[in-house]
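Structure first, commentary second.
Please treat every number below as a calculation from the coordinates, not as lab data. Please read these numbers as outputs of a predicted model, since none were measured by experiment. Positions of Cβ are backbone-derived with ideal geometry, glycine not excepted, and every protein chain shown enters the neighbour counts.
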Amino acid sequence: MISHPTGKFDNTAKDYTYIKAVPLAAAMGAEILGVDITGLTDDQFAEIRHALFRHKMVYLRDQKIGHADQEAFSLRFGLFAEDAYTEGVDGHANVQPVIKEADHRAPAIFGSGWHTDSPFLRTPPAISLLYGIEIPPFGGDTIFSNTVLAYETLSDTMKSLLAPLRVHMSMAEVVANTQRTVTPDDTPLGRIAATRDHTRLPDDLQRKVDGAYHPLVRTHPLSGERSLYCDHTYACGIEGMEANEARAILDFLVSHMTQPAFTCRLRWAPGTLALWDNRICIHQAFNDYDGYRRVMYRTTVAGEAPA
Ligand code: SIN
């Protein structure tokens, strides 16, 4: 069923005192105006944090920041999370490059399927911050979907059916697809591709393939909102179910969660800094800008075991 969720979610902006929030779409997302993250007061920070939980994804334009500024801003939300794909840039282990070169052509790029960040970890990152430096003249957008709204639009019967279930999140599919289709090189996916001839995966990669089981419906520890914790990239099974039973439920949930009515789409510009809460939205990068360079840097903030 195609949803038009009027009345199920309120994405209007609060009347903040120290920042201004301008909603991006009916379903989620907002631009934050009136702040420079390098000179942020505690009051401004508190309102940005509130806006992030309210709108699920917020973004600020024209931020002139270096790696240290991005690290300092991230640390105001909490400790850095484990990053499952990269080892950071020189001198900034927690700043992850997300770079696609103009001449790099691949069927998959980093983040190009609907996903929540690193759910195969026992404690997946709560918040991700992505800063754009070089942006293609068109393409390279990121699309987000509000998983609280997706949960809210389910029937009470479906909600009861899902309530006790635990989803298996694993990197298995990413590793298999990457080994099959990506050329080994020194990029996050290229390094996974380089394991294609190994008889066994390195222990750290095997741990991510083994993955973790999490509640399929999770509760946000701060706002108390319930959301669907499921995605297209990593959700691969449901505890206690046969593979075909789980597949039917997961396929339904992913198609439900990714309906246009639940989404917003962010057009990047150099200097845009976006933050999203992985507990209450999923996202997807577009692989549609061959011939242009895209340079982004990501930090992630540690979360809790989903409950
Ligand atoms: C990511 O999935 O974290 C990257 C998103 C993007 O590059 O737009």
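Here region 57-76 is the region considered, the condition is being farther than 22 Å from R267 by Cβ and of a type in the set (D, E, K, R), and the residue that is surrounded by the fewest Cβ atoms within 10 Å (Cβ to Cβ) is R76.
Against the conditions (1) free of Cβ contacts under 8 Å to residues at least 12 places away in the same chain; (2) under 25 Å from A285 (Cα atoms), D203 satisfies every one except (2). Taking the conditions exactly as written (within 10 Å of the ligand (Cβ to nearest atom), surrounded by 21 or more Cβ atoms within 10 Å (Cβ to Cβ), closer than 30 Å to L253 by Cα and touching a residue at least 24 places away in the same chain (Cβ under 8 Å)), does S112 satisfy them or not? It is false that S112 is within 10 Å of the ligand (Cβ to nearest atom), surrounded by 21 or more Cβ atoms within 10 Å (Cβ to Cβ), closer than 30 Å to L253 by Cα and touching a residue at least 24 places away in the same chain (Cβ under 8 Å). What are the residues in region 290-307 that are closer than 17 Å to A235 by Cβ and within 14 Å of the ligand (Cβ to nearest atom), if any? Those that are closer than 17 Å to A235 by Cβ and within 14 Å of the ligand (Cβ to nearest atom): none in region 290-307.
Residues are listed down the side, and each one gets a yes or a no for (1) touching a residue at least 24 places away in the same chain (Cβ under 8 Å); (2) acidic (D, E); (3) more than 15 Å from the ligand (Cβ to nearest atom); (4) not in a helix (DSSP H, G or I):
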site	(1), (2), (3), (4)
E47	yes, yes, yes, no
F53	yes, no, yes, no
D62	yes, yes, yes, yes
A68	yes, no, yes, no
E71	yes, yes, yes, no
S74	yes, no, no, no
T86	yes, no, no, yes
P97	yes, no, no, yes
P107	yes, no, yes, yes
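Here Y297 does not fit the description of being under 29 Å from D36 (Cβ atoms) and surrounded by fewer than 21 Cβ atoms within 10 Å (Cβ to Cβ).
Considering only residues in region 275-307 that are basic (K, R) and over 15 Å from the mean Cα position of the chain (by Cα), the one that is farthest from M257 (Cα to Cα) turns out to be R293. There is at least one residue in region 164-174 that is within 17 Å of P215 (Cα to Cα) and either free of Cβ contacts under 8 Å to residues at least 40 places away in the same chain or within 16 Å of the ligand (Cβ to nearest atom) (or both).
Among the residues of region 120-142, those identified as assigned to a loop (DSSP other than H, G, I, E, B), within 11 Å of the ligand (Cβ to nearest atom) and either buried (at least 20 other Cβ atoms within 10 Å of the Cβ) or without any contact (Cβ under 8 Å) to a residue 12 or more places away in the chain (or both) are P125, I135, G140. Show the residue pairs meeting these rules: Cβ distance below 7 Å; 6+ apart or different chains; first residue within region 265-284 and at negative phi; second residue away from the ligand (no atom under 13 Å from the Cβ) and of a type in the set (D, E, K, R). Filtered contacts from region 265-284: A269/R61; T272/R61; W276/K56; D277/K56; R279/R218; I280/K56; I280/E225; C281/K56. Does A81 fit the bill of being surrounded by 18 or more Cβ atoms within 10 Å (Cβ to Cβ), more than 16 Å from the ligand (Cβ to nearest atom) and closer than 28 Å to H168 by Cβ? Criteria not met by A81.
Among the candidates D103, D117, the residue that is in a loop (DSSP other than H, G, I, E, B) and either of a type in the set (S, T, Y) or surrounded by fewer than 21 Cβ atoms within 10 Å (Cβ to Cβ) (or both) is uniquely D103.
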